[in-house]
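Working notes for the structure below.
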Amino acid sequence: MGQGDEQRVARELRVARLCNASPEEFRHVPDFPLTVPEWREFLSVHSAKHLASKGFRAALEERRAPWFTEAHRDTGWLGREPASEAAVAAAEERLGVRLPPTYRNFLLVSNGWNSIGLLDLREVEEIGWFTEKAADLLDVWEELEDFTGELAILRRCLLISVDEGGSGGNWLLHADSVREDGEWTAYEWWPCHGGDPKPYEDFAAMAKHASDAVT
């Protein structure tokens, strides 16, 4: 099956799931990006919205966006160069998994991202298992008796975001939740807030939620 066929099947499966939803649920399902062209359009719109937002203008004035360059300003693009198919395949071999389609296609448009949902997204060469990338954090939360179920999920998650003393948030993809269309459940977790990881249908749903929050 070629890549185009895989994307067609994935979209048909998604529509089938939505058709099983109630009318109220169906009306509120956003149009998530799936294919490479859809990601390119989605990220271009997100970049323009982010650059025009009050929050970003305030960050510039307060010098809280050191990553922002003249190139970002000139192009209106907050992403990076696309990851190559070879780089994505090498990461999959290193991790022993096939990355979910929406995240995989995102990487083929932008290898990481600057500032989405108050986080930066790692380049494909830097993503890794949460147990390896954030072992110290897991050690702390293992001491909580009522967090056992969440820990089981976190131990099988890929960490795709980076936090260098900033927001304290994490974007995660759960490898044990693979659906028929190849997608994984995505999680957003802010341990500094004391809450549980928040699940999303997949990476695209999490990215769409973060983009919708930009004002």
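The length gained by stretching the chain between Lys49 and Leu118 to full extension, at 0.36 nm per residue less their Cα-Cα distance, is 23.4 nm. Note on His209/Ala86: beta-carbon distance plugged into 1/(1 + (r/R0)^6) with R0 of 30 Å gives a FRET efficiency of 0.45.
Listed cross-link partners Lys49/Lys208; Lys54/Lys198; Lys54/Lys208 are compared with a 22 Å cut-off, the Cα-Cα value being larger for Lys54/Lys198.
Restricting the range 37-101 to chymotrypsin sites (Phe, Trp or Tyr not before Pro) that sit in a DSSP loop and have at most 13 other Cβ atoms within 10 Å of their own Cβ leaves Trp67. Residues Thr69, Thr102 ordered from highest to lowest accessible area at a 1.4 Å probe: Thr69, Thr102. Its residues counted as N, the range 49-112 yields a C-alpha radius of gyration over 2.2 N^0.38 Å of 1.45. Its Cα centre serving as origin, the range 43-121 has a Cβ charge dipole (Lys and Arg +1, Asp and Glu -1) of approximately 280 debye.
The values are calculated or read from the model by the stated rules, or taken from the named source; none is laboratory data. Quantities reported herein were computed from a predicted structural model and do not represent experimental measurements. Methodologically, a virtual Cβ is constructed for each residue, glycine included, from the backbone with ideal geometry; neighbour enumeration extends over all protein chains shown. Only protein heavy atoms, including side chains, enter the accessible area calculation; ligands, DNA and RNA are left aside. Shrake-Rupley method; radii C 1.70, N 1.55, O 1.52, S 1.80 Å.
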